[in-house]
Amino acid sequence: MNDEQLVDARGLLCPLPVLKLRKKLQSVPSGTLLQLLATDPAAVVDVPHFCMESGHELVEINDDGTATTYSVRKA
């Protein structure tokens, strides 16, 4: 199952975007691709660090100027 899911953390500050992502990752099967939307400037450091430490794959980072989208595949 490779359903893509959205985690909207816009407007939340560190550490809430990563905590919200972690909570969502716990409820989905391995291989699921999640899209985390975040506006917190610290997320650019926090999300890659979280993925590296927890074994999840950070597939892509896109910044559209209003929010950054982190594509994360659950390990």
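The values are calculated or read from the model by the stated rules, or taken from the named source; none is laboratory data. This one's a predicted model, so the numbers in the text were calculated from it and none came from an experiment. Cβ: placed from backbone, ideal geometry, glycine included. Neighbour counts: every protein chain shown. Heavy atoms of the whole protein, side chains included, go into the accessibility calculation; ligands, DNA and RNA do not. Shrake-Rupley method; radii C 1.70, N 1.55, O 1.52, S 1.80 Å.
Of the strands (runs of 3 or more DSSP E) lying entirely inside the chain, those containing at least 2 residues that are in contact with a Leu (Cβ under 7 Å, 6 or more places away or on another chain) span 4-9, 33-38, 68-73. Residues of segment 23-46 include at least one that is open to solvent by 70 Å² or more (accessible area, probe 1.4 Å) and of a type in the set (A, V, I, L, M, F, W, C). Figure legend. Inter-residue proximity from segment 16-42: first residues without any contact (Cβ under 8 Å) to a residue 40 or more places away in the chain, second residues open to solvent by 70 Å² or more (accessible area, probe 1.4 Å) and of a type in the set (Asp, Glu), beta-carbon distance below 7 Å, spacing 6+ or different chains. Indicated pairs: Gln35/Glu4.
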